[in-house]
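Please read the structure below before turning to the comments.
The values are calculated or read from the model by the stated rules, or taken from the named source; none is laboratory data. Just so it is clear, the model here is predicted, and its values are computed rather than measured. Quick reminder, even Gly has a Cβ in these numbers, built from the backbone with ideal geometry, and neighbours come from all protein chains shown. Heads up: the accessible areas ignore ligands, DNA and RNA and are worked out on the full protein's heavy atoms, side chains in. Shrake-Rupley method; radii C 1.70, N 1.55, O 1.52, S 1.80 Å.
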Amino acid sequence: MEQLKYLAIETINKRASDLSDISRQIWENPELAYKEFAAHELLTTFLEKEGFNVSKKTPLETSFIARYGNSEGLKIGILCEYDALPGVGHACGHNLIAEAGIGAALGIQSVLKSQEEHAIAQLIVYGTPAEEGGGGKAMMIEKGAFDEVGICMMCHPCPAEVPIPRCLALAQLTILFHGKTSHAAAAPWEGINALDAAVACYNKLSMLRQQIKPDARLHAIIVDGGKKPNIITERAEMDVYIRELTEKDALLLKKKVQNCAKGAAVATGCEVEMKETEPFYSAVKTNKTLIDLYMNNAKSLGVVFNELTVLRGSTDMGNVSQIKPSIHPFFKIACESSNHTQAFTTASIQPENQQPTLNSAKSMAMTAVDVLCNQKLVAQIKKDFNNS
């Protein structure tokens with residue numbers, strides 16, 4: 001087993017330059033959700049040249065599924081993300097996620113190659129678009145993309161080394177208020193102000209925050225508040241994010257948000273329309289056995305974990321983790337600012353952050369080796385998943 005781990009590590013080391021190039025090309029050409037055409041072409045072409053059987057545009061336009069190895073036995077899934085954020089590019093470091101995923105895949109592939117006569121396993125690399133809004137993985141789940149896989153792994157850069165991040169369930173709600181237009185100076189009494197309804201709703205949400213649970217998060221913006229000050233606004237639109245530790249709590253908080261919107265509509269005489277514009281993001285369920293293996297392998301590379309660090313966010317990897325044993329550790333890159341900032345965009349391409357990315361790739365590859373070499377671990381992973 002140690003020899004196989006060494007083989008995976010050496011393979012990743014030898015391909016460090018290629019992996020860095022992948023990261024840089026994705027970083028230099030940031031693409032938004034479901035428009036990641038260049039990243040999709042880059043990754044699928046690379047994997048094809050490496051001997052993977054690649055199904056492009058499967059099951060979505062900018063997703064892919066690449067397979068290597070025996071179709072029987074355990075199927076190990078490695079997930080890649082590559083979409084960017086509007087305005088700030090790769091401020092969540094998805095270029096590094098793709099790099100680490102491809103790196104892990106190369107390491108695992110080298111192990112499967114060396115054991116072709118004995119290995120009964122298959123590596124599946126998933127290209128998953130639209131994590132930053134759009135719920136690519138949720139859409140892929142609906143189309144059965146993950147039905148065949150046994151375990152799933154991916155990693156994510158951030159300013160701390162956190163093996164079990166607290167990724168919250170997320171419901172995304174669009175609220176539309178419909179009023180009546182009128183001249184704001186000549187006859188304001190004839191109008192029904194939809195912007196007033198949106199402002200009233202926003203204020204109610206601000207008050208609601210006093211009564212939500214400590215781990216819950218509630219944030220909103222007004223995306224449309226009218227066209228000119230001298231026209232009573234007949235249409236206003238809000239986007240609201242509702243986050244909780246569990247799906248049940250998120251749905252309960254969503255109902256309270258809806259009541260705030262209804263109250264604002266009644267108070268202003270507006271009509272209100274509410275709809276979920278994005279797929280629901282489930283909370284991440286970390287598999288204990290898998291993350292213990294990952295941590296032990298990472299520590300062997302000199303990684304030090306900030307195990308008490310609490311991070312709150314949301315990811316559609318949570319949806320995958322609810323149906324398959326999964327891990328989604330955060331690896332530390334040098335950056336003093338949080339994700340989704342311009343500083344993090346800059347950090348995600350810096351040379352000093354290549355080593356932590358490669359360490360995470362190696363840790364995932366070595367974790368795959370652990371599982372491939374010990375069938376008892378597979379049973380324990382399944383037991384952990386069923387009992388969690």
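Brief remarks on what is shown
- Selection count, segment 84-102, where residues are assigned to a loop (DSSP other than H, G, I, E, B), under 19 Å from residue 329 (Cα atoms) and open to solvent by less than 10 Å² (accessible area, probe 1.4 Å): 3
- Leading residue by the ranking (farthest from residue 55 (Cα to Cα)) among those in segment 150-168 that are among the aliphatic types (A, V, I, L, M) and either assigned to a strand (DSSP E or B) or open to solvent by 10 Å² or more (accessible area, probe 1.4 Å) (or both): 160
- The condition (being of a type in the set (S, T, N, Q) and surrounded by 23 or more Cβ atoms within 10 Å (Cβ to Cβ)) is satisfied by just one residue among 337, 326: 326.
- Residue match in segment 359-371 (condition: assigned to a loop (DSSP other than H, G, I, E, B) and either in contact with a Ser or Thr (Cβ under 8 Å, 6 or more places away or on another chain) or open to solvent by 10 Å² or more (accessible area, probe 1.4 Å) (or both)): no
- Every residue from segment 372-383 that is open to solvent by 30 Å² or more (accessible area, probe 1.4 Å) and either in contact with a Pro (Cβ under 6 Å, 6 or more places away or on another chain) or farther than 15 Å from residue 297 by Cβ (or both): 375, 376, 379, 380, 382, 383
- Restricting segment 326-352 to residues that are at pLDDT 95 or above and hydroxyl-bearing (Ser, Thr, Tyr) leaves a set whose member that is nearest to residue 75 (Cα to Cα) is 326.
- Residues that are in contact with a helix residue (DSSP H, G or I) (Cβ under 9 Å, 6 or more places away or on another chain) and open to solvent by 30 Å² or more (accessible area, probe 1.4 Å) were ranked within segment 226-254; the one that is nearest to residue 187 (Cα to Cα) is 234.
- Condition check for residue 28: open to solvent by 60 Å² or more (accessible area, probe 1.4 Å), out of contact with any strand residue (DSSP E or B) (no Cβ under 8 Å at 6 or more places or on another chain) and more than 14 Å from residue 357 (Cβ to Cβ): yes
- All positions within segment 176-224 that are of a type in the set (Gly, Ala, Ser), without any contact (Cβ under 8 Å) to a residue 60 or more places away in the chain and surrounded by 17 or more Cβ atoms within 10 Å (Cβ to Cβ): 182, 191, 216, 220
- Residue match in segment 109-123 (condition: modelled with pLDDT of 95 or more and out of contact with any Leu (no Cβ under 8 Å at 6 or more places or on another chain)): no
- Residues (over 20 Å from the mean Cα position of the chain (by Cα), in a loop (DSSP other than H, G, I, E, B) and at pLDDT 95 or above) located in segment 274-325: 301, 302, 303
- Screening residue 147 on (1) surrounded by fewer than 19 Cβ atoms within 10 Å (Cβ to Cβ); (2) over 30 Å from the mean Cα position of the chain (by Cα); (3) part of a loop (DSSP other than H, G, I, E, B) shows it passes everything except condition (2).
- Checking each residue in segment 106-125 for being open to solvent by 30 Å² or more (accessible area, probe 1.4 Å) and either in a helix (DSSP H, G or I) or more than 23 Å from residue 10 (Cβ to Cβ) (or both) picks out 113, 114, 120.
Condition check ((1) in a helix (DSSP H, G or I); (2) open to solvent by 10 Å² or more (accessible area, probe 1.4 Å); (3) modelled with pLDDT of 95 or more) across all residues:
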site	(1), (2), (3)
55	no, yes, yes
66	no, no, yes
72	no, yes, no
104	yes, no, yes
140	yes, no, yes
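- Count of segment 14-36 residues which are in contact with an Asp or Glu (Cβ under 7 Å, 6 or more places away or on another chain), within 25 Å of residue 138 (Cα to Cα) and part of a helix (DSSP H, G or I): 1
- Filtering 42, 7 for residues that are open to solvent by 20 Å² or more (accessible area, probe 1.4 Å), part of a helix (DSSP H, G or I), in contact with a helix residue (DSSP H, G or I) (Cβ under 7 Å, 6 or more places away or on another chain) and in contact (Cβ under 8 Å) with a residue 60 or more places away in the chain leaves a single hit, 7.
- Strands (runs of 3 or more DSSP E) contained in segment 169-269 and holding at least 1 residues modelled with pLDDT of 95 or more and among the aromatic types (Phe, Trp, Tyr): 169-178, 235-244
- Screening the candidates 60, 47, 79 for the property of being touching a residue at least 24 places away in the same chain (Cβ under 8 Å), among the aliphatic types (A, V, I, L, M), more than 17 Å from residue 113 (Cβ to Cβ) and open to solvent by less than 10 Å² (accessible area, probe 1.4 Å) yields one hit, 79.
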